[in-house]
Each structure stands twice: as structure tokens, then as C-alpha cells.
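Student: I'd like to ask some things about the structure below.
The values are calculated or read from the model by the stated rules, or taken from the named source; none is laboratory data. No experiment lies behind these values; they were computed from the predicted model shown. Heads up, the Cβs are rebuilt from the backbone with ideal geometry, glycines too, and the neighbour counts pull from every protein chain shown.
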Amino acid sequence: MKKFNEVELEPPKFYRTEGEVVRRFTRLSTLNFSVDANFYPLGSCTMKYNPKICDFISTLPGLRELHPMRIGEDSAQARTLRRILSELNEMLSDLCGFSSFSLSPAAGAHGELSGCLIIRKYHADRNDSIRNEMLIPDSAHGTNPASAAIAGFKVVTIKSGPTGCVDIDDLKRHLSNRTAGMMMTNPNTLGLFEERVLEICELVHSAGGLMYYDGANLNAIVGVSSPGAMGFDVGHINLHKTFAVPHGGGGPGAGPIGVRKGLEDLLPGPIFSGGKMISPSRSIGKVIGFNGNVGALVRAWAFIKTLGSEGVERASRDAVIAANYVRVSLKDIYPSFVSERFCAHEVLLSAEKLKREKGINALMVAKALIQMGFHPPTIYFPMLVHEALLIEPTETENLETLDEFISAMRRIAELSLEKISKFPNNTIIRHPDEARAARNPVLKG
Amino acid sequence: MAKELLVPDNLLYTREHEWVLLLQNGNARVGITDYAQHELGDIVHVEMPEVEKRLEKGDTAAEIESVKSVASVYAPVTGTVVACNESLDPADVNGNPYDKGWLFEMSCDTTDGLLNPTEYRGIIS
Amino acid sequence: MKYLPHDDFARRKMLSAIGASEEALFSNLKKSPVKLFPALSESETIDLISDLQIPLQEMESAFGVGNYFIPPAVDYIASRGEFVTSYTPYQPECSQGTLAAIYEFQTRICELTGLDISNAGLYDGATAVVEAIRMSCAETNRKEILVARTVAPHIRRTIMTYAEPIGVTVKEIAFDHKSGMTLKKIEELSDKTACVVISSPNVFGVIEEGIKDIFCAAQKNNSVAVQIFNPLAVSIFPTPFESGADIAVAEGQPLGIPLSGGGPFLGIISARNKFLRRMPGRIVGKTVDADGKTSFVLTLQTREQHIRREKATSNICSNQSLMALRAVLFLGIMGKTGLSELARNLKKKAEIESNGKRIFSGEIFNEYVVRGKDGFILDYPEFGEISLKGVTR
């Protein structure tokens, strides 16, 4: 029997009317989970609520119609845009303990690549190009080594120790006069605060390298601490994570890149400061065609303005409290080697015990959660833990939702294998054959 | 282990889970073991070595992709690649790892350093 | 606090379950206080930017981006929360809406270019060119690239940023000063040339008539033929496939995406089948589910950073998915006839408007170059003061 919103997934050859387009895409939209409609505890993604005033500002005609090449002109609209982008630069710099930001990079990975290029040029300008190694923890997100490689670095992997944090001895073993820098995130991808981060920064600095901060997990610390205070020299932030820019089904986001004092000249231009546009004197060059994802930048500006400095700090604190609440409520059923310790804004649990005792693995937990209307957490990442479940509730979910999720996770552990294997049976499709899609790629209609 | 993994007695093995069949012409036919295909899951693509490429024992010869991972296949012996399994269906690496799922053939001066079936069984248990 | 639902009661309840104080959770962090600033109300925030509510009057295009008309239905559908606030479609059962839209996008792009494959989009036109160059260098194992000087300056500058660190040399190909077209005979082709990059229409708005010959010569040299195309022009001029391109890239902004002072825009990439495993970014593929129903999934993920890490084809993770949705809505609403009609009208209007004023004799699409500073200044010192103008309606 046909459901009211059933839709043919295959694209039609053409549309006869605007109505056909609207009908099809309205129905398609109802097939998506979204933050507006569902709890989305994806670790490392910070799926917090996207305030609608942010969207509203990006639709204002004076912004929408502004040609990128007119952003330096003297019109009221261009002046206002430059003013708020300068203010965003200032606010981000203060919040991160950095001196200045370039707002050009279109995404976190783009920011990482820009940051690697900055580190590269820093050493090249000092005739120290022998430094071609970038140290990266084995727990790092894949974009870190990918970005470093594209920037021309040799990737040197640093092991994590038994506590899940960077192994300082392994780090010391790999420091040399070829060290260009180290990329790190704090808290790390296991959701743990790196307790020895100050020491790590000092070690790398002493060896002549620079420290890069991956801002993916900034939501745990912004307003409380900052990468600058920890000793980082360069870093990016993900505006579509910490600063509530919506994810749009995969993008657009923005990954502004900040630097400490002394490195401002190397940033990719244009830099918005004091209402003007600046071309840094020793810039790595343009990293994107025009001015960056301005539509995302103004959303982040509106978010920070409506939150206020107290709100920014309160958000981080609530994010960490919520994650620890989920941790203590589930660690008996889903223990991992880090679940007894305080976590930051995300908790790394594991289905390994459940798999051993009842045959239920992380993938099955995910499918059962979909059945129950929750988007699953991140699964099988980071790879340091088997059957990983990385859960980030964020600060914008109320206690009722958190308790609903906890209760669902506890119920899943009691389900029979036979029942779980059929989940989800209330979505438009079930268990698509991914092997077939990769073996025989069909990429267009 | 839920299922009994196959370790044929007429083959030699490496620690990296490759198998070697010594052909009549003295060349070595190479593939990955039942254990390896089981660990990798559904295999979707194999990147073959170039014919006539010279490989030292331990060099990366081929790459096997499953849906969510990539694994390297290492040259089990030193020699030159003479043939690849051109018509390989990736699903055969899972279903018939020792037979239709063979990957490539190379010249082989010596089989020193390869494991016998008993030694290999010892590693995977 | 308007976005934060917890009150002190809720916090106390959670902390009691945790069995620790709030401070204990943060004890390992070096505190760094920030400058205080108040939380503004929504109306106060909007008042701060009231000038952005004033519409601009210019309906212009330059450097391939402009105030093209955006059918209201595009905004209508693209603002649905189910599209705007959903995540990357890693869980296919949760995201068939996004996946079906991207699959349709890939389908339409291949229809436009005539080539075999496309992807879910890249950051913008300029970085798409960079990705095509990266693919070419990996495919040919060569480290020199030839880029036409008629490729827009902002694109050439972006190429330079990424080329130098990996030892890729960029050589520029000259153009004819009368026609504004790249010279057909390329002296610089050698066994070191990874690819030849030509834009048609080019930065002067001129159609590169010699593109087929240039690409033919490139391919004879085992170099990759890369065309930068215009997604509107392509409906009335030879497609990249017809021009012999191996890889085609474009700035997708004219397809229903607002200017917004510079972005977000949309990088489009399309290529011949042989480049499938070198394609950067996400790709949606069709398959069947456990009940035999047609389904879409992200596929060939072993190219990408989360699996290949430092050996990935690209580092791209987040893309411009919502802009790809806008593009597919625009293309669906316009249809093939609507698109070619629009392209023909733009061309006609540009030709009439620029009659007697264009400095180049080559055929144009919708942008053109004039003397003086009436339009957007173009930096080609050999011509003195020239600027770029273009029509969008």
C-alpha cells in the first residue's frame, strides 16, 4: 500500500511543470532525518540547533545580490558586510586566543590545508625547508593526514598511549630537525581532554616546529579555554559545528583559519579587519576563488551576537555536562576503555561487550536507533576502539530528549538478534547493498 | 572463530596473509587467504600490479578495497610480475580466494621465508 | 539563554548522576577568559545590519558569477529544514532525500557536459580546477601544467597557491590580442606536461574556437585536456565532450545560487570514466536494498580521506551539498529548453549591449571587455585600463 509521501527515487528525464519539481522534492525532503526533526548525536559533528535568525540574515537582499568583486566598494551594503566580517574576525580571534583569522577557507579540511601551507611557508621563509615532516596522532580525523600530504608534507604518525591521549615518549622519538609541526585536536577524537597539551606544545616548539589546532572539537572548550592559551600557533574552526551554521546535507560550512601573533602576514587573503580588506604581505596566496563562504560567515556572526560571551561559555559547559550524563547512564552496557573517565563534549562508548555477550554490534545498534527515530551516533570511529560509538549530544537538547535516547540505547541491549536484524523497517529503504554500489558503480540516471 | 577458515595444504603462506601456489613453470601464483578475505569483508575492487614490474619481497604489489577499507597485498617473493587475473570478479576474492580469486603471477627465484600450512594455521588461531 | 534548554535544576540533576561538580569536569583545562559582550536580541541583531536589507540594483555578471534570476521555487525547496539541517548522508536509511537529490545532480551535470561521471560537488570553480590539475598529475605522473592566460586571474592565483608546495610548475599559454582567444599552436607541450587548462568562455567572455585543436594536440602528447566551462553557456555551445575534454570543471553559481558577497558557491567537476578512481569528493551511487528497492548510497569511499588518509585523492570532507541541491532544482525547473532559451537571450543581449564597444573580436557568451573602468577592472597590463561587464537577465 502506498504511503502518503511515497516518491520514486530515480530522477525523471525531465519535469513538465514547476509543480512536479516541488512535489518530488517536497516528498524527498521527508525522507531525511534532520536536526530540526531528530536528535543527531553524531560524535565530532556537533549537530546543535541551527537558529533561524542566522538563516534569515543570509537571505537579506543587500547581501544576496552583492557581487564578490564589489565587497571592497563604498556602498552601504559592502561597508556593512565588511564591518560584520571584521567583527567576526575579532570575536573568533578573542575566543580562540589568536591574533587574526582568515575567513576564506570553505570547510574544516580546507582550513587544515591552508594551515599546513602557512606552516610550510613559515619554515621556507626562514630557509628551513628541510622541515618537511608533519606529526599527526593515529587517532586523528582522516582530513589531517590528507591535508598535510596535499601541502607537500611527509606524514609521521604518533601513537596514542594506553590512556587514549598522545604518547609523549613516541612523540619525543619522532621530533627532529625535520619536524615542521604537529596537528592535534583538544579534546581529541576519543572525547578526552589531552592533559599534557601544554607540555606537547612546548616539546614541539623546542624542536622548532609549529603546533596546529584542529578545531573540530572546539565546542567543548570555547569560552572556557582556547587553543591560543594551550600554546597552538595556527588552527581552524568549523563554523558548521561550533557556531551553528547548518550542515545542508553535507555542506556548505566554513573553516576559518587563525594564527597567533607574528604569523598574520602569512594568512590567505583577503583579511577583514577594522571594516577594511587587507592583503597579508607574505601570504600563502588565495585558497579559494572569491571571498569564502560569506553566507555561512554571517550566520556564525549572528549566532555569536545573539549568544553573547556568557552564552558561548555556558554552551560549552552544558555540552560537556550533557555528554558526561549520557556517559554515566550507558557505561554499564557500552563500556570502553575510556568510559570510566570524565569525557569532554562527546563520549566514546563501545558495543564490544554487547557483541560478546549477545552478538549485537555497533552497526546493529545504529540500525535499531534509526528504527526508534534517532539518527545514530558516529560508528566505527575512532578506530582505536572496536565497535566504537562516538556520541555527542550537544548543549541544545533538553533533558527529556537525552533521557529518551538513553532509554532507547538501554532497550536495544535487550532486543533479540532476530528482531534487530530486521531494523529499520520503517524507513523508505532498508540495508542497501553498499558492496554492489562499489563493485558496479552506477553514478547517474 | 564462527566458521572454519580454509588453509589448503598444497600452498605456502606469508605473515601478511598472502598465499603462494608454485606453478609448473616455476612462477608463483599469488592471492589472499580465506582469513584475509573474511577480515576485509565484501571486496569491491582490486588495483593490480603492472605486468613486468620488478618487486622485492615485501613490496606493495596490489591493493584490495572493501566498502570501508583498503588493504595492501605484499609481494611474497622477489621477482617480476608476469600476469594479472584480468577477468577477476572482486566477489571471487571473497567466495573463491584460492581458486578463481587469484590475483597475479610473478617469477620466483626462491620460496625461502614462506610459511608452510601448519605454521600459517598457527598464526591465525 | 534562547538556545540553551537546561536550567539549574536540569544541570544539578545531570551533575548528581555524574557524581562530580561542573568545575571537576573542566579541571584539566587551562582557563582563558574572553572579552565580555552582551547577548543581543534578534531584533537588535537585525538592526545592526539594517543596510543589508536594502536591495542592490545592479544585474550584472563578471568572472562567471552574477545576479542571475533565481526562480522562487528554488529558495522555497532549498530552505526546507529537512534539507538545510540534515547531515552528510553517511547513513543511507536516514538520508534518501539528500542522496536522491545529489544523484540527480550528478545525472544533470553529465547531461550538460556530455562526459561520463560527476560527483557531489566541490567548494567552487577555482578549487575545482585545482582538483582537476591534481587528478591530471596523478594520472600522468608529470609535474608541469599549461594554463591559458585567458583563464581568469582569480583562478590562476588559486592554482599557484597549491601548485608550488608540491613542485608543480605552471606555464602560461599566450593569446591573440585581437580575438581574445588562446593561440592554437602550443609551443610549451612537452613530455613533462600533465595537463592543458583552457576556459571557454574565457575571462574575456570570448568562446575559445580553437579548443578542439588544442585538446587534440594535448591528448596526442598524453596530457590531460581540462576545460573550464560555463554551466549556462554549455547549452548553446559545444559541450566539453564535443570539444574533446577529459575533465570539465565549472563555477556553478549561475545555477540558482545567490552571490552573497562571495559564497557559498559550487564547484562542478565531470570527467571521462577512466578518471573514476581519481575523482575527489563524495559520489552517490545507485544500488538495491534488502527488499530489492532502488536505493542510493555514498560510494567508492575508499578514494576519500576518512579511509585513505594521506593517500586520498583529495582532502575534501564537507562540500557545498545544499548549493548542489539549488543547482538541481534550478536545472529541473528551467529544463533543457528553458536553459537554452536563457542562454540565447543572454548572448543576444550582451552582443547588442556591447556592440561597437568590445575590444576583442571573438564571439562572446554573456560577458565582454570594454575600455575604461565602467565594469569590473581586469588586470592585463598590456591593454591598459580595461574592464569586464556582463548581463544576467
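Here is a yes/no grid of residues against (1) surrounded by 24 or more Cβ atoms within 10 Å (Cβ to Cβ); (2) in contact with a Phe, Trp or Tyr (Cβ under 8 Å, 6 or more places away or on another chain); (3) away from chain A (no Cβ under 13 Å); (4) under 20 Å from C:THR313 (Cα atoms):
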{"site": "C:ILE207", "(1), (2), (3), (4)": "no, yes, yes, no"}
{"site": "C:ILE211", "(1), (2), (3), (4)": "yes, no, yes, no"}
{"site": "C:ALA218", "(1), (2), (3), (4)": "yes, no, yes, no"}
{"site": "C:ALA245", "(1), (2), (3), (4)": "yes, yes, yes, no"}
{"site": "C:GLY263", "(1), (2), (3), (4)": "yes, yes, no, no"}
{"site": "C:ILE268", "(1), (2), (3), (4)": "yes, no, no, yes"}
{"site": "C:ARG278", "(1), (2), (3), (4)": "no, no, yes, yes"}
{"site": "C:VAL284", "(1), (2), (3), (4)": "yes, yes, no, yes"}
{"site": "C:ASP291", "(1), (2), (3), (4)": "no, no, no, no"}
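To keep it simple, each residue is scored yes or no on (1) surrounded by fewer than 22 Cβ atoms within 10 Å (Cβ to Cβ); (2) of a type outside the set (A, V, I, L, M).
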position: A:PHE25; (1), (2): no, yes
position: A:PHE33; (1), (2): no, yes
position: A:ASP36; (1), (2): yes, yes
position: A:CYS45; (1), (2): no, yes
position: A:ASN50; (1), (2): no, yes
position: A:LEU63; (1), (2): no, no
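Here is a yes/no grid of residues against (1) in the same structural domain as A:ILE84 (by TED's automatic domain parsing); (2) polar (S, T, N, Q); (3) surrounded by fewer than 21 Cβ atoms within 10 Å (Cβ to Cβ):
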residue: A:SER281; (1), (2), (3): yes, yes, yes
residue: A:PHE290; (1), (2), (3): yes, no, no
residue: A:ALA296; (1), (2), (3): yes, no, no
residue: A:ALA323; (1), (2), (3): no, no, no
residue: A:LEU348; (1), (2), (3): no, no, no
residue: A:GLU352; (1), (2), (3): no, no, yes
residue: A:LEU363; (1), (2), (3): no, no, yes
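Student: Okay, moving on. Suppose we filter region A:305-331 for residues that are basic (Lys, Arg), within 7 Å of chain C (Cβ to nearest Cβ) and under 18 Å from C:ALA24 (Cα atoms); how many remain?
Tutor: Residues in region A:305-331 being basic (Lys, Arg), within 7 Å of chain C (Cβ to nearest Cβ) and under 18 Å from C:ALA24 (Cα atoms): 2 in total.
Student: Let me ask something else. Residues that are of a type in the set (Asp, Glu) and either in a helix (DSSP H, G or I) or more than 7 Å from chain C (Cβ to nearest Cβ) (or both): does region A:33-45 have at least one?
Tutor: Within region A:33-45, the subset of a type in the set (Asp, Glu) is A:36.
Subsequent filtering for residues that are either in a helix (DSSP H, G or I) or more than 7 Å from chain C (Cβ to nearest Cβ) (or both) retains none.
Scanning region A:33-45, I find no residue that is of a type in the set (Asp, Glu) and either in a helix (DSSP H, G or I) or more than 7 Å from chain C (Cβ to nearest Cβ) (or both), so the answer is no.
Student: Using the structure shown, decide if C:ILE307 is assigned by TED's automatic domain parsing to the domain that holds C:LEU99, closer than 21 Å to A:GLU434 by Cα and free of Cβ contacts under 8 Å to residues at least 12 places away in the same chain.
Tutor: Working: assigned by TED's automatic domain parsing to the domain that holds C:LEU99: yes; closer than 21 Å to A:GLU434 by Cα: yes; free of Cβ contacts under 8 Å to residues at least 12 places away in the same chain: yes.
So C:ILE307 fits the description; yes.
Student: Within region A:274-284, is there a residue that is over 13 Å from A:PRO105 (Cβ atoms) and under 23 Å from the mean Cα position of the chain (by Cα)?
Tutor: Taking every residue of region A:274-284 in turn, none turns out to be over 13 Å from A:PRO105 (Cβ atoms) and under 23 Å from the mean Cα position of the chain (by Cα).
Student: Please specify each residue of region C:344-371 satisfying the condition of being buried (at least 17 other Cβ atoms within 10 Å of the Cβ) and farther than 25 Å from C:GLU382 by Cβ.
Tutor: C:LEU346, C:LYS347
Rundown of residues vs (1) under 17 Å from C:VAL288 (Cα atoms); (2) outside any helix (DSSP H, G or I); (3) touching a helix residue (DSSP H, G or I) at 6+ places or on another chain (Cβ under 7 Å); (4) in the same structural domain as A:HIS345 (by TED's automatic domain parsing), yes/no style:
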{"residue": "A:LEU384", "(1), (2), (3), (4)": "no, yes, no, yes"}
{"residue": "A:THR394", "(1), (2), (3), (4)": "no, yes, yes, yes"}
{"residue": "A:ASN426", "(1), (2), (3), (4)": "yes, yes, yes, no"}
{"residue": "A:ALA438", "(1), (2), (3), (4)": "yes, no, no, no"}
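Student: Kindly establish whether C:THR88 is touching a Lys or Arg at 6+ places or on another chain (Cβ under 9 Å), facing chain A (nearest Cβ under 7 Å), outside any strand (DSSP E or B) and under 21 Å from A:ALA319 (Cβ atoms). Working first, answer last.
Tutor: Working: touching a Lys or Arg at 6+ places or on another chain (Cβ under 9 Å): yes; facing chain A (nearest Cβ under 7 Å): yes; outside any strand (DSSP E or B): yes; under 21 Å from A:ALA319 (Cβ atoms): yes.
Considered against the rule, which asks whether it is touching a Lys or Arg at 6+ places or on another chain (Cβ under 9 Å), facing chain A (nearest Cβ under 7 Å), outside any strand (DSSP E or B) and under 21 Å from A:ALA319 (Cβ atoms), C:THR88 comes out as yes.
Student: Residues that are surrounded by fewer than 21 Cβ atoms within 10 Å (Cβ to Cβ), facing chain C (nearest Cβ under 7 Å), among the hydrophobic types (A, V, I, L, M, F, W, C) and farther than 30 Å from A:ALA366 by Cα: does region A:118-130 have at least one?
Tutor: Taking every residue of region A:118-130 in turn, none turns out to be surrounded by fewer than 21 Cβ atoms within 10 Å (Cβ to Cβ), facing chain C (nearest Cβ under 7 Å), among the hydrophobic types (A, V, I, L, M, F, W, C) and farther than 30 Å from A:ALA366 by Cα.
Student: Take A:LYS172 and decide whether it is under 28 Å from A:SER279 (Cβ atoms) and out of contact with any strand residue (DSSP E or B) (no Cβ under 9 Å at 6 or more places or on another chain).
Tutor: no
Student: Are any of the residues in region A:230-251 under 30 Å from A:VAL347 (Cα atoms), surrounded by fewer than 21 Cβ atoms within 10 Å (Cβ to Cβ), within 13 Å of chain C (Cβ to nearest Cβ) and among the basic types (Lys, Arg)?
Tutor: So far as region A:230-251 goes, no, none of its residues is under 30 Å from A:VAL347 (Cα atoms), surrounded by fewer than 21 Cβ atoms within 10 Å (Cβ to Cβ), within 13 Å of chain C (Cβ to nearest Cβ) and among the basic types (Lys, Arg).
Student: Identify, by number, the condition in (1) under 28 Å from the mean Cα position of the chain (by Cα); (2) more than 7 Å from chain C (Cβ to nearest Cβ); (3) outside any helix (DSSP H, G or I); (4) not hydroxyl-bearing (Ser, Thr, Tyr) that A:PRO12 doesn't meet.
Tutor: Condition (1) is where A:PRO12 drops out.
Student: Check off (1) within 20 Å of A:LEU192 (Cβ to Cβ); (2) modelled with pLDDT of 95 or more for A:TYR380 and give me the number that stays unchecked.
Tutor: Evaluating A:TYR380 over (1) within 20 Å of A:LEU192 (Cβ to Cβ); (2) modelled with pLDDT of 95 or more leaves (2) as the failure.
Student: Also: Where the second residue is outside any loop (DSSP other than H, G, I, E, B) and among the acidic types (Asp, Glu) and the first is facing another protein chain (nearest Cβ under 9 Å) and on the phi < 0 side of the Ramachandran plot and lies in region A:102-114, which pairs have Cβ atoms under 8 Å and are six or more apart or on separate chains?
Tutor: As it stands, the answer is A:GLY108/A:ASP214; A:GLU112/A:ASP214, since those pairs meet every condition given.
Student: Also, quick follow-up: Give me the helices (runs of 4 or more DSSP H) completely within region C:111-228, filtered to those with at least 2 residues that are under 26 Å from A:ALA109 (Cβ atoms) and under 23 Å from the mean Cα position of the chain (by Cα), ordered by residue number.
Tutor: Details: elements: C:125-140, C:153-163, C:211-220.
Counting at least 2 such residues, we get C:125-140, C:153-163.
Student: If you check C:VAL65 against the conditions, is it closer than 30 Å to C:ALA350 by Cα and within 7 Å of chain A (Cβ to nearest Cβ)?
Tutor: yes
Student: For C:SER318, indicate whether it is touching a residue at least 60 places away in the same chain (Cβ under 8 Å), out of contact with any Phe, Trp or Tyr (no Cβ under 8 Å at 6 or more places or on another chain), within 25 Å of A:LEU297 (Cβ to Cβ) and not in a helix (DSSP H, G or I). Spell out the reasoning first.
Tutor: Working: touching a residue at least 60 places away in the same chain (Cβ under 8 Å): yes; out of contact with any Phe, Trp or Tyr (no Cβ under 8 Å at 6 or more places or on another chain): yes; within 25 Å of A:LEU297 (Cβ to Cβ): yes; not in a helix (DSSP H, G or I): yes.
Yes: the conditions hold for C:SER318.
Student: Please return the ranges of strands (runs of 3 or more DSSP E) entirely within region C:333-393 where 1 or more residues are modelled with pLDDT of 95 or more and closer than 18 Å to C:PRO231 by Cβ.
Tutor: Working: elements: C:367-371, C:376-378, C:386-390.
Fully inside region C:333-393 and qualifying: C:367-371, C:386-390.
Student: Let me ask something additional. Considering region A:116-130 alone, what residues qualify as being under 19 Å from A:ILE278 (Cβ atoms) and touching a strand residue (DSSP E or B) at 6+ places or on another chain (Cβ under 6 Å)?
Tutor: The answer is A:ILE118, and nothing else.
Student: Does at least one position in region A:140-158 carry a residue that is more than 12 Å from every other protein chain (Cβ to nearest Cβ), in a strand (DSSP E or B) and either of a type in the set (Val, Ile, Thr) or more than 30 Å from A:ILE304 (Cβ to Cβ) (or both)?
Tutor: Yes, the conditions are met somewhere in region A:140-158.
Student: Say whether the condition of being at pLDDT 95 or above, crowded, with 21+ Cβ neighbours inside 10 Å and away from chain A (no Cβ under 14 Å) is met by at least one residue in region C:162-172.
Tutor: No, the conditions are met nowhere in region C:162-172.
Student: Moving on to the next point. Please count how many residues of region A:89-101 are facing chain C (nearest Cβ under 8 Å), surrounded by fewer than 24 Cβ atoms within 10 Å (Cβ to Cβ) and touching a helix residue (DSSP H, G or I) at 6+ places or on another chain (Cβ under 7 Å).
Tutor: 2
Student: Quick one: would you say A:VAL328 is out of contact with any Leu (no Cβ under 9 Å at 6 or more places or on another chain), surrounded by fewer than 24 Cβ atoms within 10 Å (Cβ to Cβ) and of a type in the set (A, V, I, L, M)?
Tutor: Yes, satisfied.
Student: For region A:340-366, which positions are farther than 25 Å from A:GLY215 by Cβ and either free of Cβ contacts under 8 Å to residues at least 24 places away in the same chain or assigned to a loop (DSSP other than H, G, I, E, B) (or both)?
Tutor: Of everything in region A:340-366, those that are farther than 25 Å from A:GLY215 by Cβ and either free of Cβ contacts under 8 Å to residues at least 24 places away in the same chain or assigned to a loop (DSSP other than H, G, I, E, B) (or both) turn out to be A:GLU340, A:ALA351, A:LYS353, A:ARG356, A:GLU357, A:GLY359, A:ILE360, A:ASN361, A:LEU363, A:ALA366.
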